[in-house]
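Below you'll find the structure, written out as structure tokens, and then a few comments.
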Amino acid sequence: MGKNFRETLSEQMKDPEFRTEWEALEPERQIIRAIIEGREANDLTQKQLSEATGIAQADISRLENGTGNPSIRTLKRLAAGLGMQLKLEFVPLTLTSK
């Protein structure tokens, strides 16, 4: 039987170079999760979110699959379309992130 994602990831995280890159991409993964989870919580399709925000459905798809690079303005429009507000914050680095 093959390994599942978590087992494979756990193994790859032992490589310091992989771990550094994985951790560097965490903000992007958080944005992707927030868009998808917000859309699902509101029972919206990408097309419906597109209609609510004026953002092209193809652009929403790119954001959800990690190939888009949204501006703060776009993220604010998405949040508003999901009945939310955008909150950004800077937090201190942890010792393992420095």
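The values are calculated or read from the model by the stated rules, or taken from the named source; none is laboratory data. What you see is a predicted model, and the numbers here were worked out from it, not measured in a lab. Every residue, glycine among them, receives a Cβ derived from its backbone with ideal geometry; neighbour counts consider all protein chains shown. Remember, those area values only see protein heavy atoms, side chains included, never the ligands or the DNA or RNA. Shrake-Rupley method; radii C 1.70, N 1.55, O 1.52, S 1.80 Å.
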Rel. contact order, % - alpha carbon contacts under 8 angstrom, at least six apart, the chain: 21
Candidates per chymotrypsin sites (Phe, Trp or Tyr not before Pro) in the chain, loop by DSSP, up to 14 other Cβ within 10 Å: Phe90
Rounded to 10°, Cα long-axis angle of helix 72-81 versus longest principal axis of the chain: 60
About the Cα centre, charge dipole magnitude for the chain (Lys/Arg +1, Asp/Glu -1 at Cβ), debye: 240
Unit charges at the beta carbon, dipole of the chain: most positive-side option, Asn69, Leu49, Ser10: Leu49
In degrees, nearest ten, helix 26-41 long axis to first principal axis of the chain (Cα): 40
Solvent-accessible area per residue for the chain (1.4 angstrom probe, square angstrom): 79
Top positive-direction residue, dipole computed over the chain with Cβ charges, set Ala80, Gly38, Trp22: Ala80
Structure-derived percent of Cα pairs over 17 Å apart: which label, when the choices are (1) 69; (2) 46; (3) 59: (3)
Share of carbon and sulfur in the accessible heavy-atom surface of region 1-46 [1.4 Å probe, %]: 54
